[in-house]
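Please read the structure below before turning to the comments.
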Amino acid sequence: MNIKFPVVSLVLLILPGIVSADWFEDFKAEATKEQLHQFLYEMPKGGDLHQHLSGSGFAEWWFDLALSAKADGYLYYTKVKLNNCREHGWQGFKTTPYHLMFQTIVQNTWQALPECERDEYLPFSELSDKQKNAWMNSIRLDKPHEGREEFFETHWQRLGDLTANPYLRGDLIQRNFQAFADEGLIYVEPQVSAFGYRMPDGTPIPPEDVAAILRERLAKPDVKATGLTYRFQQAILRFLPNAEQALEQAYRFVSENEPYVAVNMVGREDHDKGHPLRFLSTLRKLRHEYNNVRLSIHAGEVDEPNYHVRDTLLLGADRIGHGLNLITDADTMRLMRHGPYMVEINLISNLLLEYYTDYSQHPFPEYLRIGIPVALSTDDRGMWDSTMTDEFYVAVTEFNLSWAEVKQLSENSLRYAFVDESVRDEMLETFQKRISKFERNASNTGAAGFSTQSAPRRSFICRRYDICRP
């Protein structure tokens, strides 16, 4: 009896290590949304190139770290009521309005307040369960009526003095690293500011001392055990009157302090004072002196068409954060096809900050499929209450990604990392080994192999896709 096998089937019989090209399409067709999410959680990933450390801390982490900061001499209070002590005025972190609830201050700041205002605050250790939950909810963007204004004008201000504690910041790095390692990442490149820190009594801590504190924390076994490769960026707030001076300080600091490798410019791009060309002369001057500072800059994170992405490339950026309105600049899009510049894509951030009302409007698939290098990143995942797995879930389900495209996103996140070539090659090799093994196993087990649900279910994925835990 002569049995004729199709060529592809014959190859698979002879070479069992070869995986069918359309196995992922079959997987997507048969998997439940819970199985697909679990698959993406277990899937090896590349890196996260766009994350603000303060915005990457989940609310429960911040609360736990605020309590444990007592060991380093920091006692925190948060505003739980309003006594109408004053009608106007500003206090605390940056320009925090008096009436803002759940703003957090250190004990030294609390003691300097008038008695009427001190009575508005409670120590973290004395908050009721209701007050604790309300504080944590206040730094999550999880309500339909919340959006861009809530995020930019209240979330950071509520964190307040928590962000000025370098020891707490070091512990926050460790928690982030562990969570990313659990999701299968190889590399992270967070924006970790070294400026603006204070001792419990309010004494400023020089940036170099902050860097030393962070390096000491990074050397501890629990960080090393994550196995992550990492580099840091120093960000400046682009629209402040002294932004040029801050840029010069950031360049000098990054040049002299490992593991910092890059400078970023952050802040609302719809604030005209922070437009890219404002910094052109300053950066040209800095390049006369420094030879070891990279640039990854937010650009195009606005609703209106403009040339901010083009102008940001002129500043010397190798990577563009967000790049949403690049889609409106045809000439720059043509220039960016096939590199050497990359766009850091933040799907969940863009939706929650209302740059798009629906993913059908998002330019990500256009960039991906015409050859503009892109990679997924989490931006401020703690405030979105989301994960890197969630970013991949959005991308796969909203844009019908192929398996080749899924892998390409991780490869790009390593290929465009700000590391030496030898480190980049090693990370890419590690990723290829991990993803090939995962691919073989997943194609053999199918969706049934991902029925055990161990992936974290954050509130974003629950609210939008109904992937929730009981």
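The values are calculated or read from the model by the stated rules, or taken from the named source; none is laboratory data. Owing to the predicted nature of the structure, the values given are computational and were not obtained by experimental measurement. Quick reminder, even Gly has a Cβ in these numbers, built from the backbone with ideal geometry, and neighbours come from all protein chains shown.
In this structure, does Gly321 turn out to be at positive phi and surrounded by 13 or more Cβ atoms within 10 Å (Cβ to Cβ)? Answer is no for this residue. When region 176-217 is filtered for residues that are more than 19 Å from Thr109 (Cα to Cα), charged (D, E, K, R) and surrounded by fewer than 19 Cβ atoms within 10 Å (Cβ to Cβ), the ones remaining, listed by number, are Asp182, Glu208, Asp209, Arg215, Glu216, Arg217.
Residue-level check: of (1) touching a Ser or Thr at 6+ places or on another chain (Cβ under 8 Å); (2) crowded, with 19+ Cβ neighbours inside 10 Å; (3) in a helix (DSSP H, G or I), Ser410 misses just (1). When Glu244 is tested against (1) of a type in the set (Asp, Glu); (2) in contact with a helix residue (DSSP H, G or I) (Cβ under 6 Å, 6 or more places away or on another chain); (3) part of a loop (DSSP other than H, G, I, E, B), just one condition goes unmet, and that condition is (3). The sole residue among Thr389, Thr378, Thr357 that is assigned by TED's automatic domain parsing to the domain that holds Glu429 and surrounded by fewer than 18 Cβ atoms within 10 Å (Cβ to Cβ) is Thr357.
Here is a yes/no grid of residues against (1) more than 26 Å from Tyr74 (Cα to Cα); (2) under 14 Å from the mean Cα position of the chain (by Cα); (3) touching a residue at least 40 places away in the same chain (Cβ under 8 Å):
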{"position": "Phe180", "(1), (2), (3)": "yes, yes, yes"}
{"position": "Gln191", "(1), (2), (3)": "no, yes, yes"}
{"position": "Ala194", "(1), (2), (3)": "no, no, yes"}
{"position": "Val210", "(1), (2), (3)": "no, no, yes"}
{"position": "Asn242", "(1), (2), (3)": "yes, no, no"}
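Among the residues of region 246-275, those that are within 17 Å of Glu301 (Cα to Cα) and over 22 Å from the mean Cα position of the chain (by Cα) comprise Asp272, Lys273, His275.
Residues in region 120-154 that are assigned to a helix (DSSP H, G or I) and touching a residue at least 60 places away in the same chain (Cβ under 8 Å) were compared, and the one that is farthest from Glu354 (Cα to Cα) is Phe124. When Ser386 is tested against (1) within 15 Å of Gly47 (Cβ to Cβ); (2) small (Gly, Ala, Ser); (3) touching a helix residue (DSSP H, G or I) at 6+ places or on another chain (Cβ under 6 Å), just one condition goes unmet, and that condition is (1). The number of residues in region 22-37 being crowded, with 16+ Cβ neighbours inside 10 Å and either touching a His at 6+ places or on another chain (Cβ under 8 Å) or farther than 20 Å from Gln408 by Cα (or both) comes to 3.
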